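Novice: Structure incoming, see below.
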Amino acid sequence: MSEQNTAEKRETRPADNARANLRLAYGLLGFVGVMVGMAYAAVPLYSLFCQVTGYGGTTRAATAAPAGPIARKMTVRFDANVSGGLSWTFRPETKPVTLKVGETGEAFYKVVNLGQHASAGTATFNVTPQAAGAYFNKLECFCFTEQTVNAGETSHMPVIFFIDPDIDKDPDLRFIDTITLSYTFFPLEKEPADKAAKVGGSPAPTDRTSTHLGGADNG
């Protein structure tokens, strides 16, 4: 009797091991799926976190300028870059500006589409030094908004900004007197067909000028 039980146990062990291995495999697959999902979710969450906190040199959006400037002055420089895939030239039109901390400033960037067809892109941004990102605020910006430019067209894009006076309370930035605002345009992977057809039918290059606060055009 004991020999029969031993034989039965030997026969059931491979089956038990197989089921255990199968459960382990399903568990690992589920874990991988969860981690992949979290990774995709982390991208927009991280972007939102950076915009709210200014982490990584990401500038912040504001709805109103501060009550008034303080005596401290800082210089803001402007930088422009274009990623591969866009036949654009992109450069700042505004030279470095020096203003009081808390004072509203304005700058313009210029895009020219050198390609044979209309194309669209979006711009990301950051400031250096990175720690200053928490204090650099934008009232108006073309970043993270689809920008479609016809073949041969020129577009002037405004940025309205200010530096939060609280920067004067940050001991790590006490001796910083220059901030660089940098933009990089990336091509959109997919452009809506109706919009592409609409802008692609333009017969001649045009100069599109965006208006800034106050309604005056920047030529």
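Novice: Being open to solvent by 30 Å² or more (accessible area, probe 1.4 Å) and part of a strand (DSSP E or B) is the filter; apply it to the range 113-126 and report the residue that is nearest to Ala151 (Cα to Cα).
Specialist: Here is the first cut: in the range 113-126, the residues open to solvent by 30 Å² or more (accessible area, probe 1.4 Å) are 114, 116-117, 122, 124, 126.
Keeping just the survivors that are part of a strand (DSSP E or B) gives 122, 124, 126.
Values: Thr122: 17, Thr124: 22, Asn126: 28 Å.
Filtering first and then ranking leaves Thr122.
Novice: Can you tell me which residue among Ala64, Ala71 is touching a strand residue (DSSP E or B) at 6+ places or on another chain (Cβ under 9 Å), assigned to a loop (DSSP other than H, G, I, E, B) and either open to solvent by less than 40 Å² (accessible area, probe 1.4 Å) or at pLDDT below 95 (or both)?
Specialist: Result of the check over Ala64, Ala71: Ala64.
Novice: Can Ile160 be described as at pLDDT 95 or above, outside any strand (DSSP E or B), open to solvent by less than 60 Å² (accessible area, probe 1.4 Å) and of a type in the set (A, V, I, L, M)?
Specialist: So Ile160 does not fit the description; no.
Novice: Take the range 127-157 and flag every residue that is under 16 Å from the mean Cα position of the chain (by Cα), within 18 Å of Leu188 (Cβ to Cβ) and part of a strand (DSSP E or B).
Specialist: Within the range 127-157, Gln147 is the sole residue that qualifies.
Novice: Going by what's in this entry, would Ala134 be described as open to solvent by less than 40 Å² (accessible area, probe 1.4 Å), modelled with pLDDT of 95 or more and closer than 17 Å to Ile179 by Cα?
Specialist: Numbers: open to solvent by less than 40 Å² (accessible area, probe 1.4 Å): yes; modelled with pLDDT of 95 or more: no; closer than 17 Å to Ile179 by Cα: yes.
Spelling it out, it is not the case that Ala134 is open to solvent by less than 40 Å² (accessible area, probe 1.4 Å), modelled with pLDDT of 95 or more and closer than 17 Å to Ile179 by Cα.
Novice: Also, quick follow-up: Test Ile167 against the criterion of being in contact (Cβ under 8 Å) with a residue 24 or more places away in the chain and assigned to a helix (DSSP H, G or I), and give yes or no.
Specialist: Yes; evaluated as a whole, the condition is true for this residue.
The values are calculated or read from the model by the stated rules, or taken from the named source; none is laboratory data. This is a predicted model, so every value here is computed, not measured. We place every Cβ from the backbone using ideal geometry, glycine too, and count neighbours over all the protein chains shown. Areas reflect the complete protein model, heavy atoms only, side chains present, ligands, DNA and RNA absent. Shrake-Rupley method; radii C 1.70, N 1.55, O 1.52, S 1.80 Å.
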